[in-house]
Amino acid sequence: MAEFRLCIVGLGHRGRYMFREACQIPAFKGVAACDIQKELWFEETFHNGNKSPSLASQMPDVTFYEDYDEMLEKAKPDIVMVETPAHCHAAFCIKALEKGIHVYSDIPSVATLKEGKDLWEAFQASDAKLMTGATTMGWGFVHSLQDLHRQGLLGKPAILEAEYLHDCRYLWEETPWRKPTSQTHFPPCYYCTHSLGPLLSVLDEELSEVTCITSGSHHTPDLPYANDYTCALFRTPSGVLVRMTNSFINNWKGGLHSYRVFGTEGCFEHLSNRGEKQSERTTFSSNKLTGVEKITELPVGFSPFSEAVKKKFKTIGGGGHGGADPYLMLRFAEALINKDKEMPVSLRQGLAMTLPGLYASESVFRNGEKLPIHYPWEKELFQKDIDNRSAPVSGVEK
Ligand SMILES: NC(=O)c1ccc[n+]([C@@H]2O[C@H](COP(=O)([O-])OP(=O)(O)OC[C@H]3O[C@@H](n4cnc5c(N)ncnc54)[C@H](O)[C@@H]3O)[C@@H](O)[C@H]2O)c1
């Protein structure tokens, strides 16, 4: 079996977990890891009150670097996993692609439109592949939605909805980049890939317009610039509507993600749990299949490890986000081994589920103004948008 030399940049909670998990894949051999905080490699770590032994003690064959460029130069990796904070992925991806190194990048793909252009161009110029690590694309119920759509049981998706409600305040101390400051008060619509990825996977066009408004700050009087909640309304060229609500400051105690698809022949809904007594549910109805004209429950949850998938990957399942993380890494490994032209979640898909959130943030900044959305593959229109944008989306404006 092919063996790819794997390295990682960013050893926060997510990076530490993702690297350990990826090193279990037979095709990957962990060779190097990088973070500007060397204690995350050499010392015990803590997350949510749980203690883990140092990675150095668990992975004695892996070399640690404090400098990313030095790691790329000396470790000679075939693959880099990018697990740095949400607003700084693109620069790491670009450097790897320029050296012909494959990339597995966490989401969102980019933090600014200019990064979108630079990353797309670097990708076009490279022989290396880029996989977008869009977790929600690995969920079992999302695969059910895709199957229902492929088989025509929903007809044409016409109106789609996604909610991502996650009170992230408990993470502010450990990951300060999540806390809004007067300089970095990006609205929650910016973190949109979890919501848009599954919905876009059943559309055959990209989002082309958006209007988005914010609630402003209600829950944290000491952070008057915070945006508790945003509601974005997107439209495609054929008039399909997508409503996306996001909130990272709230007192919601239920599950995080809900999705709804109204098609011309049926409906699909995944409703997150409402506390311990009401678990998450996935239902659908279809005019195209006798017996399911009424709302019908699907026996599917987060795990992508259906019997067919288990057989294919010879794995028993489990792992982060209901198994979605290891599943997507396995798909990535398989695509590299097979030398597939496109990765299971491509950069183009990553940008198509990331950039609408940046335009939505711009709309928030312009008090709900309706804006056209463009992509780097629409070169001139996209460049115009880069020149005209004004929203201070994150602290890493270039
Ligand atoms: N897909 C998902 O479901 C999911 C879930 C959680 C987090 N994430 C993403 O994972 C990423 C990491 O999140 P986290 O919670 O672990 O954050 P974190 O802040 O704990 O980790 C980021 C790490 O990157 C390091 N870093 C920053 N700049 C660096 C540089 N120049 N060189 C080397 N290391 C550098 C930091 O020191 C830190 O340890 C984010 O992009 C986040 O959006 C995705």
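The values are calculated or read from the model by the stated rules, or taken from the named source; none is laboratory data. None of the values given here were measured: they were computed from a predicted structure. Neighbour counts run over all protein chains shown; Cβ positions are idealised from the backbone, glycine included. When the accessible area is computed, the model is the full protein with side chains, heavy atoms only, and any ligands, DNA or RNA have been set aside. Shrake-Rupley method; radii C 1.70, N 1.55, O 1.52, S 1.80 Å.
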Quiz item: When you count, for each residue, the other Cβ atoms within 10 Å and take the mean per peptide, how do 335-344, 271-280, 107-116 rank with the highest first?
Solution: 107-116, 335-344, 271-280
Quiz item: How much area per residue is accessible in the chain when the probe is 1.4 Å and only protein heavy atoms are counted (Å²)?
Solution: 46
Self-check item: Sequence ranges 263-269, 291-297, ranked by mean other-Cβ count within 10 angstrom, highest first
Solution: 263-269, 291-297
Exercise. In Å³ and rounded to a whole number, note down the convex hull volume per residue for the Cα atoms of region 1-111.
Key: 98
Quiz item: Given only helices, namely DSSP H runs of n ≥ 4 each adding -39500 (n - 2.57), what is the per-residue ellipticity at 222 nm of the chain, to the nearest 500 deg cm²/dmol?
Solution: -8500 deg cm²/dmol
Self-check item: Computed FRET value (nearest 0.05) for ASP61 with SER238, which takes r as the C-beta separation and R₀ as 45 Å
Solution: 0.30
Quiz item: Tell me, what % of the accessible area of the chain is carbon and sulfur with a 1.4 angstrom probe?
Solution: 52
Quiz item: Over the chain, what per residue volume does the convex hull of the Cα atoms give, in whole Å³?
Solution: 147
Exercise. Excluding residues fewer than 8 places away in the same chain, name every one of the aspartates and glutamates whose C-alpha is closer than 18 Å to that of LYS288.
Key: ASP147, GLU265, GLU269, GLU297
Quiz item: Using the Kirkwood formula over every pair of different C-alpha atoms, what hydrodynamic radius in Å results for region 79-218?
Solution: 17.3
Exercise. Give me the net charge of PRO77's neighbourhood, meaning all other residues with Cβ under 11 Å from the Cβ of PRO77; Lys, Arg count +1, Asp, Glu -1.
Key: +3
Practice problem: Give LYS253/LYS294; LYS76/LYS99; LYS129/LYS341 a once-over and call out the pairs whose C-alpha atoms are over 20 Å from each other. | Solution: LYS253/LYS294
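Calculate the FRET efficiency for ARG5 and ARG150 from the Cβ-Cβ distance with a Förster distance of 56 Å, rounded to the nearest 0.05.
Values: r = 36 Å, r/R0 = 0.65.
It comes to 0.95.
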Quiz item: How would you classify region 139-268 from its alpha-carbon gyration tensor, with a ≥ b ≥ c the square roots of the eigenvalues: rounded for a/c under 1.5, else prolate if a/b is greater than b/c, otherwise oblate?
Solution: prolate
Self-check item: Net length gained if the chain between TYR170 and LYS76 were fully extended (0.36 nm per residue, minus Cα distance)
Solution: 30.1 nm
